[in-house]
Structure formats: C-alpha cells, structure tokens
1. Which of the numbered conditions does Glu39 fail, given that it passes all the others? Conditions: (1) outside any strand (DSSP E or B); (2) out of contact with any strand residue (DSSP E or B) (no Cβ under 8 Å at 6 or more places or on another chain).
2. Where residues in the stretch 65-102 are farther than 21 Å from Val45 by Cα and β-branched (Val, Ile, Thr), which of them is farthest from the chain's Cα centre (by Cα)?
3. Just checking, how many residues over the stretch 153-166 are modelled with pLDDT of 95 or more and surrounded by fewer than 17 Cβ atoms within 10 Å (Cβ to Cβ)?
4. Among the residues that make up the stretch 75-90, is at least one of them closer than 30 Å to Val176 by Cβ and β-branched (Val, Ile, Thr)?
5. I'd like the full set of residues that are modelled with pLDDT of 95 or more and hydrophobic (A, V, I, L, M, F, W, C), limited to the stretch 24-61.
Amino acid sequence: MSTEVQLAAELRSVRGTRANNRLRNQGFVPGIIYGHTDEPQAISVKAEAIVPHVRAGVKVYDVTLDGKTDKTLLRGLQFDALGVELTHFDLLRVDPTERVTLHVPIVLKGIAPGSVGSGGVLEQPLHALHIDCLAYQIPDSILVRINLLEVGQAIHVRDLELPEGMHLHHAPEAIVVHVVPVRSGDAAPADLATGAQPELVGKKVEDAAKDK
C-alpha cells in the first residue's frame with residue numbers, strides 16, 4: 001500500500017519557464033494541484049521534501065497550502081533530459097471517502113518449482129487485477145508468490161491476499177498463474193513409426209496528465 005507523506009506547498013505567483021528555472025535553482029520543484037471543485041493551482045515545494053519520496057515510489061501526499069490540507073495522488077512527473085532531476089509534478093485532489101475502480105499490475109515473486117526441471121511451464125493468464133478501493137489507498141501492484149507451485153497447480157483469484165477494503169472484479173475461480181505440462185508439437189510420421197518422442201515446444205509468457 002502506498003505510504004502517505006505530509007507535504008508543505010507554496011503558491012506560484014509567477015509562471016513560465018524562466019520563473020520555474022529560478023525556483024529550481026533555489027531548491028524548489030514547480031508543480032500543479034487540481035481536481036474536485038477547486039480550481040487548478042500552480043504550486044512549488046522544496047526538492048528535499050518531495051524528491052526522496054518520489055524515488056521511493058510514494059503516491060499519496062497530504063498537501064498543506066494556505067492553511068488547508070488536501071489528500072492528493074501523484075499523477076504525473078517530469079524529469080530533465082538525463083532523467084535525473086525532477087522538474088515538475090502533478091497532484092490530483094481526492095476525497096478520502098471516494099472509491100475508485102482501476103487495474104493494478106500483478107507482480108510474481110519467486111520461482112515455481114514445477115517450471116524448473118519438472119517438465120512444466122509457468123503461464124500467467126492474468127497480468128493485472130480489476131479492483132476498487134479508496135482513492136488514496138491505490139496499491140502500486142499486487143504481489144503473488146509462486147515459490148510453491150508444482151506442475152498442475154494454480155493460484156486462483158480466490159487465493160489472493162488483498163489489503164483490507166479492496167474488492168476484486170473477477171470470478172473467484174479465475175486463474176492468476178499456473179504451471180502446466182509442456183505441450184508437445186505434432187509428431188512427424190517417421191517419429192510415430194519409430195516411437196520417437198516429438199520435439200517439445202515451450203510457450204514463453206509475458207498515467208500522466210502533464211499540466212503546467
């Protein structure tokens with residue numbers, strides 16, 4: 001689950017490339033906050049206050065601006081030409097009670113024993129999960145451990161351990177990942193006559209609004 005970070009912001013009274021470059025030279029990062037009934041606002045925050053959290057993958061920020069605090073989601077990032085320095089960010093205001101529906105990627109963890117020397121192939125029918133949850137609790141991914149999967153075994157949607165309050169929009173019996181026996185190719189006539197085994201063929205498996 002995404003960590004929540006407190007972030008103090010200041011309004012940007014002057015906008016444009018030159019003004020933004022001056023801010024960056026002073027140790028600030030320009031950005032924008034928008035969404036819900038409030039108008040978009042050009043803001044800036046200290047680089048040291050946001051950059052470490054961006055690099056750590058934090059997506060939820062409680063932004064304090066003019067004495068008011070809004071819960072926000074990080075929706076866009078821009079970096080310099082080398083991809084090193086954060087040059088701009090977009091934050092979307094969210095209602096803490098609002099639920100959102102979206103797709104979250106599945107990340108497999110470990111190595112399935114059945115796919116290593118046991119004549120099996122790992123297949124992943126589902127690469128993302130269709131979920132709904134509170135807007136500020138959107139997970140970056142869903143981790144699925146496969147280190148116990150043998151040939152003929154599967155992990156179904158019903159087997160997943162999910163954060164509290166998250167709902168899945170999949171049938172419980174849907175297969176997330178499984179290990180299946182290696183499928184044989186069609187045998188040539190000569191192979192059938194001699195009883196030779198056909199060649200085994202394995203099957204290999206496989207946001208930003210930028211407002212300134």
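1. Just one mismatch for Glu39, condition (1).
2. Here the residue is Thr97.
3. Looking only at that region, the number is 5.
4. The answer is no; no qualifying residue exists.
5. Phe28, Val29, Ile32, Ile33, Ala42, Ile43, Val45, Ala47, Ala49, Ile50, Val51 - these are the residues of the stretch 24-61 that are modelled with pLDDT of 95 or more and hydrophobic (A, V, I, L, M, F, W, C).
The values are calculated or read from the model by the stated rules, or taken from the named source; none is laboratory data. All values derive from a computational prediction rather than experimental measurement. Every residue, glycine among them, receives a Cβ derived from its backbone with ideal geometry; neighbour counts consider all protein chains shown.
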